[in-house]
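One structure below.
The values are calculated or read from the model by the stated rules, or taken from the named source; none is laboratory data. Just so you know, these numbers come straight off a predicted model, no measurement behind them. A quick note on method: Cβ atoms are made from the backbone with ideal geometry, for glycine too, and the neighbour counts reach across all protein chains shown.
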Amino acid sequence: MSVINKRMFAVILIVGILVVVGLLFIVSYNSMVGKSQTVDQNLSQIKNRYVTKVTILGELLPQVQQYQQFEASTLTNITALRSQWMSAIANNASTEELSNISSRLDANVSRVMVTFEAYPELQSVALMAQYMGQVVDVNEQLSYARGQYNAAVRDYNTNIMSFPNNMFAGSFGFSAKQYWGTDLPDGEVLNL
Amino acid sequence: MDRGKRNAVIAALAFLFAVLLVGTILVTVSAPKEDLSWVPTIDDYVNDRAGVLDPGDAYDLEMFCEEVEFNNTCQIAVLIVNSTGAVGVNDYALKVFEKNGIGQEGKDNGVLFVMSFDERAWRVVTGAGISDILNGGRLTEFQLTYLDPNLESGNYSKGITLFVYAIGLELVNNYHSSGGGGESYPIDFIPLNWWQLGLAIAVFLVLMVATRGRAFLWIGSIFLGGRGGFGGGRTGGGGSRGRF
């Protein structure tokens with residue numbers, strides 16, 4: 001092989017490697033952006049459904065307050081947590097903060113549901129039964145939306161932690177996203 | 001090995017490595033997809049795999065669901081099983097809905113009613129496009145009026161039938177599809193206009209002549225094979241559930 005051919009070979013090899021590395025960056029970056037967008041889209045679904053839930057609870061609370069079977073402290077908690085949720089959404093709170101508030105809200109609402117299901121005389125009140133049906137419906141939607149969100153987070157986190165994406169994900173501003181939990185924050189006990 | 005050959009081998013190996021690297025990124029950096037092979041495929045509107053429905057009710061429901069789809073494109077599916085195993089009726093119903101894509105693609109206007117008889121539990125899953133019409137409050141009303149009283153008295157077939165009728169009528173009265181039903185056709189039950197009908201007849205005749213009648217066998221299999229399945233609708237997970 002002549003000297004010219006050797007140089008040409010080296011140039012072609014370097015250009016080839018640069019093109020492949022460049023392609024790698026583009027593919028990786030686009031895939032991380034796509035998965036991040038999916039996570040954000042699923043997060044907005046959860047937020048929308050909680051807005052619906054908070055609205056339904058606003059209509060349900062005056063109904064259930066008429067019945068002494070429901071714990072007054074539970075209803076007070078729900079009222080306070082509704083306000084906290086609306087304030088957190090308005091202030092663009094972090095996913096962790098929203099998740100914590102919603103866990104407390106869900107725990108209190110489930111208390112109301114348990115009480116409702118324990119008393120047949122409450123179930124016979126058609127209006128309340130319909131509101132409870134709406135709460136069940138929105139809970140199912142939330143459960144589904146949380147599942148979709150957590151699956152999207154798992155996919156995104158797997159993507160940015162896998163080689164070779166993990167080498168440059170941080171420099172592009174991609175970091176691991178938090179799952180949406182349903183447990184109460186550590187050490188917290190439901191105040192009843 | 002001379003230098004030329006060695007350089008060629010190095011270049012080939014470098015290229016192979018680069019291709020493998022890009023391929024690895026494209027293939028392995030996503031979390032593994034969920035295996036849905038255990039989820040049943042349903043083709044009919046009414047799928048009674050536990051023998052709960054009276055044959056007459058099952059037939060009437062099948063016809064009713066077909067009418068609803070023809071009327072405004074909403075798809076209603078009923079699935080009754082003996083057990084959903086360890087999955088539970090809730091997740092089972094959601095997976096059946098997702099796998100079968102009940103409802104029209106883009107309209108997401110499907111409804112699935114699943115009953116697991118041994119677990120004494122049922123679940124309604126609504127498509128994202130009709131969850132406002134068939135909201136939890138409305139479904140609870142139907143449940144209290146039609147489903148619960150009949151399930152409590154052991155009239156399972158009647159309860160399910162009336163409940164699904166109520167769901168279907170709610171959709172017929174309140175869901176208006178853009179581009180769905182409402183268009184009139186020369187022959188009511190064939191959704192083709194005059195020129196499409198003429199073309200279909202011409203193709204049929206050509207096929208019949210060209211194949212010396214063997215096309216009859218081929219066309220016959222369409223009618224023997226049942227429905228073609230559902231349309232690709234998605235759910236938001238909403239609906240209703242209960243026990244009996």
Selected residue [buried (at least 16 other Cβ atoms within 10 Å of the Cβ), free of Cβ contacts under 8 Å to residues at least 24 places away in the same chain and not charged (D, E, K, R)] from A:Ala145, A:Ala129, A:Ala107: A:Ala129
Does segment A:105-127 contain at least one residue that is modelled with pLDDT of 90 or more and among the acidic types (Asp, Glu)? yes
Evaluate the following for B:Val81: is it under 19 Å from the mean Cα position of the chain (by Cα), in the same structural domain as B:Phe113 (by TED's automatic domain parsing) and under 18 Å from B:Val124 (Cα atoms)? yes
Does segment A:70-77 include one or more residues that are outside any helix (DSSP H, G or I) and in contact (Cβ under 8 Å) with a residue 12 or more places away in the chain? yes
